[in-house]
Structures are given as C-alpha cells and as structure tokens.
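To keep things clear, I will list the structure first and then write my remarks on it.
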Amino acid sequence: MPAAAHLVIPCYQESGRIAPFLAELCDVTRELGAVTIRIVEDGSDAAEVARMREILAPFCQKHAHLLDPLFLPANLGKGGAVYAGWSLEKNAEWLGFVDADGSCTAQEVARLIQLAREQPTPHTALFASRMGQFGRRVHRQWKRRLIGRVFGSLVSTLLHIRIHDSQCGLKLVPRSAYERIAPNLRIHGFAFDVELLAALHDDGTPFREVPIEWFETPGGHVHLIRDSYRMARDVWRVRQNRPKKPRP
C-alpha cells in the first residue's frame, strides 16, 4: 500500500477557475491511489460560497477521495486555509497543498507525490519550483518572474537558506515534521511558505526543490513595487520570529 497523501486546495474567490483543474486532479489522483483532497474555502462572501457549493457538490458525489469541503467563516489567508485543512487530517504520511488555478497541472502534482513515496526515510519535504530546468517548461509573466527572483534572493540572504523558488504553489511535507513545527507557525498570509521552510530547516527536516512545468493562469494580480515591499517586510518578520540559536 503506497504512503497516503492529503492535498489541500486553498480557495478565495476561485469559483471561476477551479472546476477544470479539480476535474483533472480528481481523475489523476484516483488512478494514483491513497490520495485524499480537501477544498478549503477561505472566507469568501456569501455569493461566492454558494457558487462553490454548487460547483463542488457533483465532484464530491463522483469522487470518494474528494472530502467534504471546509468553509471558513472568515478569511485567514492562504497559509491559514492550508493549515486548517491539514489539521483535519490525522493519518496521511504526507501533507500537501496545491493552488486552485491549475497553473501547476494535475500530472505534476501526481509526479511530486510519487517522488515523495519513493524516498527512503527520513523523509525530505518537496517544494515544487519554477526553475525551468531538466526540460520543464515554465510560462510566467515577466513581473512574476522578476518578483520571484527578488523573493528568492531575500530568503537566501536574510534567512541563510538557499532556495530558488519558495513561493511555488505546490508543496509536500512529511506529516511527522509538520506536527513538530506546527505550534511555532504564526504567519498565515503571503509569507507562510517562507516561515514553513524556515521551521522545517530549523527542525532538521531537509527539503528539496523539484522543477515542474508551470503555465500561468490568467486572473492573478501583481504589483511590482507594492508586492516587492510586502515580500521584504514579511521575510524580515520571519527572520525576527525565528528562534535564536544559542551562542557557542
């Protein structure tokens, strides 16, 4: 029996984009086996919640491994939605999340899960990365590509953790490692991935970047100056919250 994996799809105002990706993901993961999926609706307005319920109902009826969606009463941020979904899963060996927009294909999600299952113990966390290496195609707006490079440099410089792409919307974490670090995770918004990375690193859990194919889906909003400032602020916050190592 393969190691069980649990995927959370955090959603906020995603009713217009989620259906095609969810259909593909349910089919692919059903064939893969031992995967459960949960949609976490992160405090959207009543009209959006009603649309999501209508969209998700037939998927849940068709696919037993698509668990009942979780509708949060208030917006917690992407990290808060992911952690809320992970906290409901008590048995899976792997905890993961994937963005709802389908920029990362279902086939790439399945590939990452398979890579996780093939690892020897102790397990390594797998962070998907839009490196564009090993023949993996990456299509992104130039602004997003530039912001990603700036963010990677900030993380490497301020946190002393070498990583190319900390913000790619597909990650798998060993459940045992997450349970150890969960009490120390405070950031639920933009930089939650960075805090998660730093906590895993400080816990002694190794991580590996896995190049994936990425085809950017329209609908996102990027502001070069505003988002660059927010990145620097949030990475500094992670640095300040990080436990200080005792001096020798």
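Can you tell me the dipole magnitude for the stretch 1-107 around its Cα centre, using point charges on the Cβ only (Lys, Arg +1; Asp, Glu -1), in Debye to the nearest 20? Spell out each step's value before the answer.
On the way: 8 positive and 14 negative charges, 34 e Å.
Rounded to the nearest 20 debye, it is 160 debye.
Going highest first, how would you order 187-197, 82-92, 53-63 by mean Cβ packing within 10 Å? List each step's numbers first, then the result.
Values: 187-197: 22.1, 82-92: 17.5, 53-63: 14.3.
The packing order, highest mean first, is 187-197, 82-92, 53-63.
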**FRET E, pair residue 229, residue 13, Förster distance 30 Å, beta-carbon r, rounded to 0.05** = 0.80
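State, as an integer percentage, the relative contact order of the stretch 1-110 based on alpha-carbon contacts under 8 Å between residues 6 or more apart.
Details: 180 pairs, mean separation 50.1, N = 110.
Contact order relative to length: 46 percent.
Using 0.36 nm per residue of separation minus the Cα-Cα distance, give me the extension gain between residue 184 and residue 160 in nm, one decimal. Walk me through the numbers before you get to the answer.
Values: separation 24, 0.36 × 24 = 8.64 nm, distance 1.89 nm.
Stretched out fully, the residue 184 to residue 160 stretch lengthens by 6.7 nm.
Give me the number: length gained by fully extending residue 23 to residue 61, i.e. 0.36 nm times residue separation minus the C-alpha to C-alpha distance, one decimal in nm.
The residue 23-residue 61 span can extend by a further 12.4 nm.
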**Request:** Just need log10 I(q)/I(0) for the stretch 1-136 at q = 0.15, 0.18, 0.22 Å⁻¹, Debye formula, equal scatterers on the alpha-carbon atoms, no solvent, rounded to two decimals.
**Result:** -0.72, -1.03, -1.47
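How much of the calculated P(r) for the stretch 51-93 lies past 17 Å, in percent of all Cα pairs? Provide the component values of the computation, followed by the final result.
On the way: 401 of 903 pairs.
For the stretch 51-93, the share of Cα pairs beyond 17 Å comes to 44 percent.
FYI, it's all coordinate maths here, none of it is from the lab. Here the structure is a predicted model, which means the values were calculated and not measured. Using ideal geometry, Cβ is built from the backbone for each residue, glycine included, and neighbour counts are taken over all protein chains shown.
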